[in-house]
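As C-alpha cells, the structure follows; a few thoughts come after it.
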C-alpha cells in the first residue's frame with residue numbers, strides 16, 4: 001500500500017508558526033479521537049480552515065510521517081515522548097511555512113506514527129525542506145509523500161471531523177468550561193437539551209423513541225420564525241457530566257434526531273462546585 005493510499009481511497013497545542021494561513025483565516029485548533037485504517041487514532045486539525053478551503057494556490061498535500069519511539073500499546077503517543085514530538089512539529093511547521101509558504105492543516109497519531117499535513121503550491125525540492133527540518137532529530141525515522149489535491153479532499157474528507165465527531169468536540173468544550181469554573185464533574189445534575197425538527201411527525205417520532213429514557217419535556221412548541229426546523233423541543237434529565245457519560249447520551253440524541261428529520265442544537269447545565 002502506498003503512503004497516500006491510507007487517505008485517498010506537538011504538542012497538544014496549536015503553533016503560531018502558521019503565518020501564511022493566519023493572514024487569511026482565524027485558526028481554530030482542536031482534536032478528536034477516531035479510527036484510522038481500523039486502528040485507534042487521534043486527529044488534531046485547524047477547524048478554521050473550513051471557511052476558506054480549498055485555497056486555489058495551495059493545490060498539493062504534503063504528509064510527513066514520523067515513526068514514534070515509544071508509542072503505547074494502542075499505537076498512540078505517550079507522555080514521555082510528548083516534548084520530542086512537539087519539537088518535531090514546531091520545527092517542521094517553521095520550515096514548511098517559512099520556506100514553502102505552506103498551510104499547516106493538521107496532524108494524526110495512529111499505529112505508532114505521527115503524520116503532519118501541509119498544503120503547498122508546488123512540491124519541487126520539497127524533500128530538501130523536510131530533510132533540513134528533520135536533520136535536527138537524527139534518532140527519528142520519517143517518510144513523506146505528496147499528492148495533488150486541488151479540492152482539499154485530505155482536509156475536508158479525512159482531517160475534518162464528521163458532524164457527530166464535531167458534536168463530541170463541542171461536548172468537550174462545554175465540559176472544559178465547567179472545569180475552568182471550578183466544577184469537579186462529580187455531581188449528577190439537570191442537563192437540558194435543545195432540538196429542532198422539520199415536521200411535527202418527526203418530533204413526535206423522536207419523543208416516542210426516547211419515551212423510556214427518562215427525559216422530561218421542558219418545551220414543545222412551533223415557531224414559524226425558525227425556518228426549515230420550526231418544531232422546537234427542549235428536554236432534560238438528571239445525568240452525569242463527565243466526558244464519557246456526556247458523549248454517550250448526547251451522541252445518542254444527536255443520531256436519533258437526525259433520523260427523525262431533526263437537528264440536535266446543544267446542551268446546557270449548571271456549574272456545581274460542591
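Between residue 39 and residue 243, the simple spin-label model (points 7 angstrom out along Cα→Cβ) gives 2.2 nm.
Taking a ≥ b ≥ c as the square roots of the eigenvalues of the alpha carbon gyration tensor, the stretch 3-159 is rounded, as a/c is under 1.5. For the pair residue 128 and residue 164, the difference between a 0.36 nm per residue extended length and the Cα-Cα distance amounts to 9.0 nm.
Our note on the geometry: Cα centres of the stretch 142-202 and the stretch 29-102, 18 Å apart. Matching the structure-derived Cα extents along the principal axes in Å against the labelled list [x] 64, 37, 35; [y] 62, 42, 36; [z] 60, 53, 32 gives the label [y]. Starting from the Cα of residue 265, step 7 Å toward the Cβ, then list every residue of the stretch 205-224 with an amide N under 18 Å from that point. Within reach of a label on residue 265: 205-207, 216-224. For the stretch 81-216, the convex hull spanned by the alpha carbon atoms encloses 208 Å³ per residue. Would you mind classifying the stretch 163-269 by shape? Square roots of the alpha carbon gyration tensor eigenvalues, ordered a ≥ b ≥ c; an a/c under 1.5 is rounded, otherwise it is prolate if a/b is larger than b/c and oblate if not. Prolate, because a/c is 1.5 or more and a/b exceeds b/c.
Note on residue 147/residue 51: beta-carbon distance plugged into 1/(1 + (r/R0)^6) with R0 of 35 Å gives a FRET efficiency of 0.90. Placing dummy labels 7 Å off each Cα toward the beta-carbon, the span from residue 258 to residue 29 is 2.8 nm. Ordered by the count of other Cβ atoms within 10 Å of each Cβ, fewest first, 146, 97 give 146, 97.
Over the residues of the chain, the helix contribution to mean residue ellipticity at 222 nm works out to -9000 deg cm²/dmol, using -39500 (n - 2.57) for each DSSP H run of at least 4.
As a rough footprinting exposure proxy, the listed residues 224, 58, 240 were ranked by other beta carbons within 10 Å of their own, and the order from fewest upward is 224, 240, 58.
Sorted fewest first by neighbouring Cβ atoms within 10 angstrom, 271, 191 come out as 271, 191.
Just so you know, all these numbers are worked out from the coordinates, no wet-lab data involved. For clarity, every value in this text was computed on a predicted model and none was experimentally measured. Virtual Cβ from ideal backbone geometry, glycine too; neighbours counted across all protein chains shown.
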